[in-house]
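Asks: Mind having a look at this structure? Questions to follow.
Only the coordinates and a few stated rules stand behind these numbers; no lab work does. Source: prediction; values computed, not measured. Every residue, glycine as well, gets a Cβ built from its backbone with ideal geometry; the counts of neighbours run over all protein chains shown.
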Amino acid sequence: SQQGEEDPQALSIQEGENATMNCSYKTSINNLQWYRQNSGRGLVHLILIRSNEREKHSGRLRVTLDTSKKSSSLLITASRAADTASYFCATALIYNQGGKLIFGQGTELSVKP
Amino acid sequence: EPEVTQTPSHQVTQMGQEVILRCVPISNHLYFYWYRQILGQKVEFLVSFYNNEISEKSEIFDDQFSVERPDGSNFTLKIRSTKLEDSAMYFCASSGAGSFSEAFFGQGTRLTVV
């Protein structure tokens, strides 16, 4: 499988529910970043978690990182219709000094009002 | 809040023509990137640029592509002799003090080759 795979590919929930998206990767990383993309629009940076961190919070977002399992999760609590978007994880490899990011396929989140 | 800006937002070009996509990265950032996203697919790395030279490029970034930082603010991607398969959303990004910092993306240029 590829560096940066998200699951599920699509997730549909009701407003107010929590949404959890997972990302797995193969190669050792320096950091992992989560992005949101509204349909046909740009990538909005959500959060960066470094390889020596296990959990980070930003507002309604909670990101965890388990380097032993090479996986990360993004939790959006109390979801809103405006959270409807595609969510991508992107990894910065430990040996790559140039800052290149490798993106996963993304999870398409639909939050129904 | 500082942001990465890209122009144009949409470009339509004839196959075989040259296009230049323009980006203004965040002003105090040192690392610059181009990525592309073919419709319905994932975002792919094209090239990274630091200290006025390419630091890494992908297999996609062949001789058809070139990048330039012509002045202190702009960062351009030139695609020579465009092909139908070059149709995609092209994103510029920049990151700050270290290559391992947050990368901020522009809104993208949708390139359509006809």
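Asks: Given 0.36 nm per residue, what is the gain on full extension from B:Leu84 to B:Met15 after removing their alpha carbon distance, in nm?
Replies: 24.2 nm
Asks: How far apart, in nm, are the 7 Å Cα→Cβ label points at B:Ser66 and A:Thr27?
Replies: Computed distance between label sites B:Ser66 and A:Thr27 equals 2.9 nm.
Asks: Quickly work out the A:Asp7-to-B:Thr112 label distance, labels modelled 7 Å from Cα along the C-beta direction, and quote it in nm with one decimal.
Replies: 3.8
Asks: Testing the spin-label approximation: label points 7 Å from Cα along Cα→Cβ at A:Ser58 and A:Gln14. State their distance in nm.
Replies: Taking the two extended label points, one gets 3.0 nm.
Asks: Across peptide B:106-113, what mean number of C-beta atoms from other chains lies inside 10 Å of a residue's C-beta?
Replies: Partner Cβ neighbours, averaged per residue: 2.
Asks: So what's the Cα pair-distance distribution over the range B:1-67, bin width 10 Å, in %?
Replies: Calculated P(r), rounded to whole percents: 16, 47, 33, 3.
Asks: So, one more: Quantify how much of the Cα-Cα distance distribution of the protein assembly as shown extends past 22 Å, in percent.
Replies: 51
Asks: Largest first, please: the extent of the C-alpha atoms of the range A:17-113 along each principal axis, to the nearest Å.
Replies: Extents along the principal axes: 43, 27, 20 Å.
Asks: Using only atoms on other chains, find how many Cβ atoms lie within 10 Å of each Cβ of peptide B:87-94 and report the average.
Replies: Neighbouring Cβ atoms belonging to other protein chains average 2 per residue here.
Asks: To the nearest whole number, what is the average tally of beta carbon atoms from other chains within 10 Å of the beta carbons of peptide A:43-49?
Replies: If you average over the peptide's residues, the count of other-chain Cβ atoms is 4.
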